[in-house]
Amino acid sequence: MKLEENRAPDPKEESMAGDRQEIMEIAMRAGHILLENGAEISRVEETIDRICRHYGIQSANSFVLSNGIFSTMGNQREEFFARVQHIPVSGAHLNRVAAVNQLSREIEEGKHTIADLERCLDDIENMPGKRNIVQIMASAVGSGAFCLFFGGDLLDSAAAFLSGMLLYVYILYGGYRLSRLVEHILGGALVTFLCMVFYHLGLGHNVSSMIIGSVIPMIPGVAFTNAIRDLTDGDYIAGSVRMMDTALVVLGIALGVGMMFTAYYRITGGNLL
């Protein structure tokens, strides 16, 4: 007669299983911060894999898109785990990306325990962004400098400086309530209107250089660069999504500029270009 023995659960195995799940959650959280703040797909996948490998998880697999992370774990020796996180497309905060990259290097060097990681990720998520006044002045300086780069003179650059400053005031205090496309249409219309006003007031001679310089702060340079990198790395879905998002931003700006020029021509019958 065969006796069936019920094997009691091993507390050590249960503890290891809990640790593995915690590590997977931490790795996904690190990937979430990277993706949300403008990192490319390959960097997100590599960071998740590094964290899992360092803490001994051999069966971890991650699939990352431009707005989502899919992670699984499980084989004969490791319990099964599956999570999906949706991450909306947002702006870039490269200081947080750099902080997570540094944290992943320190993890590989053995400087952090599992208990430390939650606190480190909390600190990274709570890192303050640039103050509004700094962003406004950076937009103003960038607009003026790009106006000079695209053929404007000093008066054109001064007009673009003021236009870029007012543009970012609109973005920070008014545009965030709108959809991305509408925000950029109104932003393009705003800088075009301001440049037309400055031109008629005698502050500037070349309207096209003034407008080009003024819209530069709205151009999603990081997203466009990441789209190219994703496409060259073979992440065609993520690269295409980011490229489409960039194209919609550029289209919105162009629509806003075109609408103002059309309205100006219909009202005055003149052409500024």
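The values are calculated or read from the model by the stated rules, or taken from the named source; none is laboratory data. Remember, it's a predicted structure, so these values are computed and weren't measured experimentally. FYI the Cβ positions are ideal-geometry reconstructions off the backbone, even for glycines, and counts take in every protein chain you see. Keep in mind that these areas ignore ligands, DNA and RNA; they rest on the heavy atoms of the full protein, side chains included. Shrake-Rupley method; radii C 1.70, N 1.55, O 1.52, S 1.80 Å.
A prolate overall shape is assigned to the range 122-273, the ratio a/c of its alpha-carbon gyration tensor axes (a ≥ b ≥ c) being 1.5 or greater and a/b exceeding b/c. For the range 214-273 versus the range 119-174, the spacing of their alpha-carbon centroids is 18 Å. Taking a ≥ b ≥ c as the square roots of the eigenvalues of the alpha-carbon gyration tensor, the chain is classed prolate because a/c is 1.5 or more and a/b outweighs b/c. 3J(HN,Hα) couplings calculated from phi for the range 41-47 with the Karplus curve 6.51 cos²θ - 1.76 cosθ + 1.60 (θ = phi - 60°) are, in sequence order, 4, 4, 5, 5, 4, 5, 5 Hz; Gly and Pro show x. Among the GluC sites (Glu not before Pro) in the range 62-121, those located in a DSSP loop and surrounded by at most 12 other Cβ atoms within 10 Å of their own Cβ are Glu109.
On a per residue basis, the range 113-268 carries 53 Å² of accessible surface, using protein heavy atoms and a 1.4 Å probe. A 1.4 Å probe over all protein chains sorts Lys111, Lys130 by accessible area into Lys130, Lys111, starting with the largest.
In the chain, helices alone account for a calculated mean residue ellipticity at 222 nm of -22500 deg cm²/dmol, with every DSSP H run of four or more residues adding -39,500 (n - 2.57). Taking every C-alpha pair closer than 8 Å and separated by at least 6 residues, the mean separation divided by the residue count of the range 66-203 gives a relative contact order of 15 percent. Surface composition of the chain: carbon and sulfur atoms hold 60% of the protein heavy-atom accessible area at a 1.4 Å probe. Rolling a 1.4 Å probe over the protein heavy atoms leaves Phe149 with an accessible area of roughly 150 Å². Among Gly91, Gly187, Gly31, the largest mean-square fluctuation in a Gaussian network model of the chain, built with springs joining Cα atoms closer than 10 Å, belongs to Gly91.
Note on the range 108-181: Cα Rg divided by 2.2 N^0.38 Å, N the number of residues, gives 1.73.
Just the Kirkwood number for the range 45-143, please: inverse of mean 1/r across all distinct Cα pairs, in Å, one decimal. Walk me through the intermediate numbers first.
Values: mean 1/r = 0.0625 Å⁻¹.
Value: 16.0 Å, from the Cα pair sum.
Measuring nothing but alpha carbons in the range 186-235 and taking Rh as the Kirkwood radius, the Rg to Rh ratio lands at 1.26. The chymotrypsin sites (Phe, Trp or Tyr not before Pro) of the range 57-100 meeting both criteria, a DSSP state outside H, G, I, E and B (loop) and at most 13 other C-beta atoms within 10 angstrom of the site's C-beta, are Phe80.
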